[in-house]
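Quick notes on the structure that follows.
The values are calculated or read from the model by the stated rules, or taken from the named source; none is laboratory data. Given the structure is predicted, the values throughout are model-derived calculations rather than measurements. Neighbour counts are summed over all protein chains in view; Cβ atoms, including those assigned to glycine, are modelled from backbone coordinates with ideal geometry. Ligands, DNA and RNA are excluded from the accessible area calculation, which covers all protein heavy atoms including side chains. Shrake-Rupley method; radii C 1.70, N 1.55, O 1.52, S 1.80 Å.
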Amino acid sequence: MSRFDRQIMLPQIGEEGQRRLSASSVLIVGMGGLGCPVALYLAGAGVGRIGLADADTVSESNLHRQLLYSYADVGRPKVRAAMDRLRGIAPDTEFLLHTRGICEDNARDIIADYDLIVDCCDNYATRFLLDDCCRELSKPWIFGSICGFDGMVSTFMPGSGTGYAMLCPDREELAARPAAAEGVIGPTPGVLGSIQAAEALKVLCGIGPALDGKLLALNLLDMEFNLLNL
């Protein structure tokens, strides 16, 4: 059986959807707790070109939730360690490494080369930058954020009238905050990253994202899932 037979069986995907995935490109911004499951599922699904953007290296404290990496990867750049693992899963996928991460100097040039952007970063400033660039370049992007047992995810489509600024209107104060090191259990980014990957596959296949104009907020401690209109 073909590697992709089980997803091609789905009438919403089929052979045409699989061809679209193969011809698609996705940029994953941040290769931490969210980026790892997103990259695994998109590579596994057969996305043709995947960009990995992160300037960080693997640390031992990452390993309980960033399951692309092992002890042998500690000290290595995350994007290189991730690519080595992902190539074993998806040998036909092209991986591009952006070792400086995403910043004001490079964001627009990098984002312009991809069909879809998935936000897996850990700071407000980068998310506001992604929102600006994706709006300017008419690119869809998928927002994700986690803390402890909690997570939030939404999909922003070009021309939809929604954006990250609707969620976080206090831009100046929030963008000045440094990335925070907060507690989290491994399954929180695993669950939220899987939802981001599902939204990405639907966008790429033309099925339509369920979270366009909506925010999904979840809490794994109480197992509460709330879908809110933006």
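Before moving on, here are some points about what is shown:
- For residue 147, the criteria (1) out of contact with any strand residue (DSSP E or B) (no Cβ under 7 Å at 6 or more places or on another chain); (2) outside any loop (DSSP other than H, G, I, E, B); (3) farther than 26 Å from residue 22 by Cα hold in every case but one, which is (1).
- Selection of first residues in the stretch 209-224 that are modelled with pLDDT of 95 or more and of second residues that are of a type in the set (A, V, I, L, M) and open to solvent by less than 30 Å² (accessible area, probe 1.4 Å), restricted to Cβ pairs under 6 Å at least 6 apart or on distinct chains, gives the following pairs, ordered by first then second residue: 216/153.
- Whichever residue in the stretch 165-194 is of a type in the set (Val, Ile, Thr) and open to solvent by 40 Å² or more (accessible area, probe 1.4 Å) and, among such residues, is modelled with the lowest pLDDT: 185
- Restricting attention to the stretch 132-141, the residues being open to solvent by less than 10 Å² (accessible area, probe 1.4 Å) and assigned to a helix (DSSP H, G or I) number 2.
- For the stretch 9-43, the set of residues classified as among the aliphatic types (A, V, I, L, M) and under 10 Å from the mean Cα position of the chain (by Cα) consists of 26, 27, 28, 29, 31, 34, 38, 39, 42, listed by residue number.
- Any chance residue 144 is open to solvent by less than 50 Å² (accessible area, probe 1.4 Å), touching an Asp or Glu at 6+ places or on another chain (Cβ under 7 Å) and touching a residue at least 60 places away in the same chain (Cβ under 8 Å): yes
- Residue in the stretch 114-127 that is surrounded by the most Cβ atoms within 10 Å (Cβ to Cβ), counting only those that are in contact with a helix residue (DSSP H, G or I) (Cβ under 6 Å, 6 or more places away or on another chain) and more than 14 Å from residue 154 (Cα to Cα): 124
- Sole residue being farther than 27 Å from residue 25 by Cβ and not hydrophobic (A, V, I, L, M, F, W, C), chosen from 136, 173: 173
- Considering the stretch 101-123, and only residues there that are free of Cβ contacts under 8 Å to residues at least 60 places away in the same chain and of a type outside the set (Asp, Glu), the residue that is farthest from residue 176 (Cα to Cα) turns out to be 112.
- The one condition in (1) under 25 Å from residue 16 (Cβ atoms); (2) among the β-branched types (Val, Ile, Thr); (3) surrounded by fewer than 17 Cβ atoms within 10 Å (Cβ to Cβ) that residue 203 fails to fulfil: (3)
- Filter result for residue 161 (open to solvent by 40 Å² or more (accessible area, probe 1.4 Å), part of a loop (DSSP other than H, G, I, E, B) and without any contact (Cβ under 8 Å) to a residue 60 or more places away in the chain): yes
- Scanning the stretch 54-76 for residues that are open to solvent by 30 Å² or more (accessible area, probe 1.4 Å), among the polar types (S, T, N, Q) and within 20 Å of residue 99 (Cα to Cα) returns 57, 59, 70.
- Hits in the stretch 82-98 - residues which are open to solvent by less than 70 Å² (accessible area, probe 1.4 Å) and in contact (Cβ under 8 Å) with a residue 40 or more places away in the chain: 82, 86, 89, 90, 93, 95, 96, 97, 98
Here's the yes/no breakdown for (1) more than 24 Å from residue 21 (Cβ to Cβ); (2) part of a helix (DSSP H, G or I):
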position	(1), (2)
196	no, yes
199	no, yes
210	no, no
221	yes, no
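- Residues that are touching a Ser or Thr at 6+ places or on another chain (Cβ under 7 Å) and hydrophobic (A, V, I, L, M, F, W, C) occur at least once in the stretch 217-229.
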